[in-house]
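K.L.:
Here's a structure for you.
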Amino acid sequence: MKIEIVSEKTDAGYLLKLKGDVDMSSSPEVRSALGEAFRQGKGARALFVDLSQVRYMDSSGIATLVEAMQTCMKQGARLRLIDLSPAVRDVFEMARLSSVFDIFASVSDAAKGL
Amino acid sequence: MKIEIVSEKTDAGYLLKLKGDVDMSSSPEVRSALGEAFRQGKGARALFVDLSQVRYMDSSGIATLVEAMQTCMKQGARLRLIDLSPAVRDVFEMARLSSVFDIFASVSDAAKGL
Amino acid sequence: MREEARVTKEGKELQEETVSLAVPSHPKYLYVVRSAVYPVLSSAGFSRSETRKMVLAVDEACSNIIKHAYAGDTTKTIWLTLTLGGDRLRIELRDSGKKVDAGKIAPRDLKDIRPGGLGTHFMNSVFDSVQYDTSGGEGTLLTLTKKRS
Amino acid sequence: MREEARVTKEGKELQEETVSLAVPSHPKYLYVVRSAVYPVLSSAGFSRSETRKMVLAVDEACSNIIKHAYAGDTTKTIWLTLTLGGDRLRIELRDSGKKVDAGKIAPRDLKDIRPGGLGTHFMNSVFDSVQYDTSGGEGTLLTLTKKRS
Ligand SMILES: Nc1ncnc2c1ncn2[C@@H]1O[C@H](COP(=O)(O)OP(=O)(O)O)[C@@H](O)[C@H]1O
Ligand SMILES: Nc1ncnc2c1ncn2[C@@H]1O[C@H](COP(=O)(O)OP(=O)(O)O)[C@@H](O)[C@H]1O
């Protein structure tokens, strides 16, 4: 199961759209795409990650997002997650992370108030 | 993997819509739904089977359709298959059955010329 | 398949059904494990959400075997056995790597937001029992059980 | 997992990767077999259409074991092994039932439109070789192979 990652530059910062399964096999790829977005988007107000097409996420995917949040904090940027699929929602709830991340219903909602 | 079968009465005869996998486990259910359509639809000009939502079909599914064709012939009715999914198309080609069955793109196409 | 049969109070035989799977200890096979385990559990009558959580827990157990028991060696083997009894599901995971230090395995405090340490928590939150057995010749046997409702 | 390793002309080691699966001989487990086999083959680089045809052939082989080797007994076991070698895929199916009469297995004439007899044809049309071996203690070993391109 391959992961597909589409990266897009928006006004407020990079938007990464993930499609597929984020597991121990694919999260290194997600991590490096996030790293690339941090490098390219230095000084941006936010990093957006669209999770609507993620059918599966395990603790390695969560770890990758937690790391991204920590990097964002250091850079004074916001990490904004968009449109969690039911599978991702389940994992976030099990990990009690639903309130830790900033989660938005759509890209336009996430772009507000930055 | 369960099969879902929706049966609908149309002007020209019954329309069965199959959804799921038609394999050794589910084809008995398909066979009995076809039998029911034959009983209820006695004297109808045609029996329509919509295969657009069939993600998988094996030789037991093909056998079931061949039997249905034979029953139709005996009753002087037509068996018309509608909108084969790529998976079903593959099996039909491997079985060289694409030219044996009457296959239509849509229900309205299949209802013509009866 | 084990041919154990139990007899219920009503005298009905309850045959256990067993599915076994063995895959290389490479992360790319986690997807194969999930793909095989999911339909076994969902056709056993567990809800979609429960099934998803159990599949996640099994995936985490396999990841742990790759990371900890095999220290990243992707050429070893992970053995899984799913046994559906009349009232209970049992999933066994076996490896031939470094034995687990069962005392060291504890779910982390969830308030401590950091990467890692979630796998054990996921296993405990969906399964009724999570047991590590290192008494065998080599490796660890992890047994996860859940009541069928 | 077999730990056979081959060495190429360039001296590179080619490790075979093996996935094994055992399921009860009940038609409801055909879906589990397909779900497990599909990702192994597609991640091995076969095209979607080839993968679909191979999954179909394996499904037919399992159906034949249920129908013919086990005569419909759904409590027996079907064993599958998928071995990915450097240049070749090998799928082995084992049963412990009535041995196949290899002489009687022949794909039917496709011009003869009737239910049944297609399974053998499907196996032969997608795999490079289809071999039945009844020399073992019990049951039949069916080996399907296909070159990886
Ligand atoms: N199969 C195993 N073999 C050896 N040690 C293990 C195994 N599974 C878990 N552990 C130990 O338990 C700890 C907690 O595991 P887990 O909750 O999955 O988090 P993580 O693997 O992310 O650290 C691991 O860090 C490791 O020390
Ligand atoms: N595993 C098996 N054990 C015993 N006989 C078999 C087995 N597989 C196939 N056969 C024999 O080969 C014939 C052709 O098989 P197949 O092409 O799959 O069609 P079908 O099973 O629909 O008859 C079967 O009818 C059966 O006699």
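The values are calculated or read from the model by the stated rules, or taken from the named source; none is laboratory data. Only a predicted model underlies this, so the values are computations on that prediction, with no experimental measurement involved. Using ideal geometry, Cβ is built from the backbone for each residue, glycine included, and neighbour counts are taken over all protein chains shown.
K.L.:
Tell me, please, whether a residue that is more than 14 Å from residue C:123 (Cβ to Cβ) and assigned to a loop (DSSP other than H, G, I, E, B) can be found in the range C:58-66.
P.N.:
No - not one qualifying residue is present in the range C:58-66.
Here is a yes/no grid of residues against (1) touching a Phe, Trp or Tyr at 6+ places or on another chain (Cβ under 7 Å); (2) among the acidic types (Asp, Glu); (3) farther than 15 Å from residue A:111 by Cα:
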residue: A:5; (1), (2), (3): no, no, yes
residue: A:21; (1), (2), (3): yes, yes, yes
residue: A:24; (1), (2), (3): no, no, yes
residue: A:32; (1), (2), (3): no, no, yes
residue: A:35; (1), (2), (3): no, no, yes
residue: A:49; (1), (2), (3): no, no, no
residue: A:72; (1), (2), (3): no, no, yes
residue: A:78; (1), (2), (3): no, no, no
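K.L.:
Quick test of your reading of the structure: residue A:65 fulfils all but one of (1) modelled with pLDDT of 95 or more; (2) part of a helix (DSSP H, G or I); (3) surrounded by fewer than 18 Cβ atoms within 10 Å (Cβ to Cβ). Name the failing condition by number.
P.N.:
Failed condition: (3).
K.L.:
Please determine whether any residue of the range B:89-106 is at pLDDT below 95 and among the acidic types (Asp, Glu).
P.N.:
Yes, the conditions are met somewhere in the range B:89-106.
K.L.:
In the range C:67-85, which residues are at pLDDT 95 or above, assigned to a loop (DSSP other than H, G, I, E, B) and either under 30 Å from residue D:24 (Cβ atoms) or touching a His at 6+ places or on another chain (Cβ under 9 Å) (or both)?
P.N.:
C:70, C:74, C:75, C:76
K.L.:
Specify the residue that is nearest to ligand 1 (Cβ to nearest atom); the eligible residues are those in the range C:71-94 that are under 17 Å from the mean Cα position of the chain (by Cα) and within 12 Å of chain D (Cβ to nearest Cβ).
P.N.:
Only one residue tops the list, namely C:78.
K.L.:
Just to be sure before I move on: is residue C:102 surrounded by fewer than 16 Cβ atoms within 10 Å (Cβ to Cβ), at pLDDT 95 or above and over 23 Å from residue D:44 (Cα atoms) in the structure I sent?
P.N.:
no
K.L.:
Inside the range D:116-135, can you point out the residues that are over 21 Å from residue D:84 (Cβ atoms), free of Cβ contacts under 8 Å to residues at least 24 places away in the same chain and in a loop (DSSP other than H, G, I, E, B)?
P.N.:
Once the filter is applied, which keeps residues that are over 21 Å from residue D:84 (Cβ atoms), free of Cβ contacts under 8 Å to residues at least 24 places away in the same chain and in a loop (DSSP other than H, G, I, E, B), the range D:116-135 yields D:116, D:117, D:135.
K.L.:
Let me ask another. Mind checking which residues of the range A:6-23 are touching a residue at least 12 places away in the same chain (Cβ under 8 Å) and farther than 21 Å from residue A:86 by Cβ?
P.N.:
A:6, A:7, A:9, A:10, A:11, A:12, A:13, A:14, A:15
K.L.:
Okay, next question. Being assigned to a strand (DSSP E or B) and closer than 30 Å to residue C:124 by Cα narrows it down to one of A:2, A:19, so name that one.
P.N.:
A:19
K.L.:
Shifting gears a bit: Given the conditions (1) within 12 Å of chain A (Cβ to nearest Cβ); (2) in a helix (DSSP H, G or I); (3) surrounded by fewer than 22 Cβ atoms within 10 Å (Cβ to Cβ), and given that residue C:55 satisfies all but one, which numbered condition is not satisfied?
P.N.:
Going through (1) within 12 Å of chain A (Cβ to nearest Cβ); (2) in a helix (DSSP H, G or I); (3) surrounded by fewer than 22 Cβ atoms within 10 Å (Cβ to Cβ) one by one, residue C:55 breaks only (3).
K.L.:
Filtering the range A:82-91 down to residues that are in contact with a Phe, Trp or Tyr (Cβ under 9 Å, 6 or more places away or on another chain) and under 12 Å from residue C:56 (Cβ atoms), which residue is farthest from the other protein chains (Cβ to nearest Cβ)?
P.N.:
Among those that are in contact with a Phe, Trp or Tyr (Cβ under 9 Å, 6 or more places away or on another chain) and under 12 Å from residue C:56 (Cβ atoms), it is A:88.
K.L.:
While we're looking at this one, here's another question. Can you pull out the residues in the range A:55-114 that are in contact with an Asp or Glu (Cβ under 8 Å, 6 or more places away or on another chain) and hydroxyl-bearing (Ser, Thr, Tyr)?
P.N.:
A:56, A:59, A:60, A:106
K.L.:
Please enumerate the residues belonging to the range B:75-114 that are closer than 19 Å to residue B:47 by Cβ and part of a helix (DSSP H, G or I).
P.N.:
Once the filter is applied, which keeps residues that are closer than 19 Å to residue B:47 by Cβ and part of a helix (DSSP H, G or I), the range B:75-114 yields B:75, B:88, B:92, B:107, B:108, B:109, B:110.
K.L.:
Could you tell me which numbered condition residue C:49 fails, if it satisfies all but one of (1) surrounded by fewer than 20 Cβ atoms within 10 Å (Cβ to Cβ); (2) modelled with pLDDT under 95; (3) in a loop (DSSP other than H, G, I, E, B)?
P.N.:
So the condition that residue C:49 fails would be (3).
K.L.:
Evaluate the following for residue C:97: is it surrounded by 19 or more Cβ atoms within 10 Å (Cβ to Cβ), within 15 Å of the chain's Cα centre (by Cα) and small (Gly, Ala, Ser)?
P.N.:
For residue C:97, the condition - surrounded by 19 or more Cβ atoms within 10 Å (Cβ to Cβ), within 15 Å of the chain's Cα centre (by Cα) and small (Gly, Ala, Ser) - is not met.
K.L.:
Which ones in the range A:3-33 are away from chain C (no Cβ under 14 Å) and surrounded by fewer than 17 Cβ atoms within 10 Å (Cβ to Cβ)?
P.N.:
Scanning the range A:3-33 gives A:4, A:6, A:7, A:8, A:9, A:10, A:11, A:19, A:32.
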